[in-house]
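The values are calculated or read from the model by the stated rules, or taken from the named source; none is laboratory data. No experiment lies behind these values; they were computed from the predicted model shown. Cβ placement follows ideal geometry from the backbone for every residue including glycine, while neighbour counts extend to all protein chains displayed.
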Amino acid sequence: MPFEIVGMSLATALITASILIVLAIYFSAAFCREGAMSYTIGFVRKNERDVWATETPTAHQAVAMIATLQESTEEIRFISSPQEGEMGIEMLLLLAKEEAEELPRGR
């Protein structure tokens, strides 16, 4: 193929990049509030070795992002936050639950 990027076609690379950009914009804009923790999710896309990372402003959004990534990636490598350090999905789910309890009832 004349247009290949690390073993994937240009079209596939553009679609993947577009999806990640849209998700990043959505998750960074939605539900952002002062004092919220941020979460970084490291992942490896199928048939690749490079680790990619994305950041979300809330635990709830990190859980949603992981669910989305698991549909299109082979492996979640890490979940971390500056406040909590590295954590597993169980800890993230607990933090998302606590976060939901702190939100005003109107949301």
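Just one of the listed residues (Glu90, Glu101) is exposed (fewer than 15 other Cβ atoms within 10 Å of the Cβ), part of a helix (DSSP H, G or I), of a type in the set (D, E, K, R) and at pLDDT 90 or above, and it is Glu90. Scanning region 54-87 for residues that are farther than 21 Å from Ile15 by Cα, assigned to a strand (DSSP E or B) and hydrophobic (A, V, I, L, M, F, W, C) yields Phe78, Ile79, Met87.
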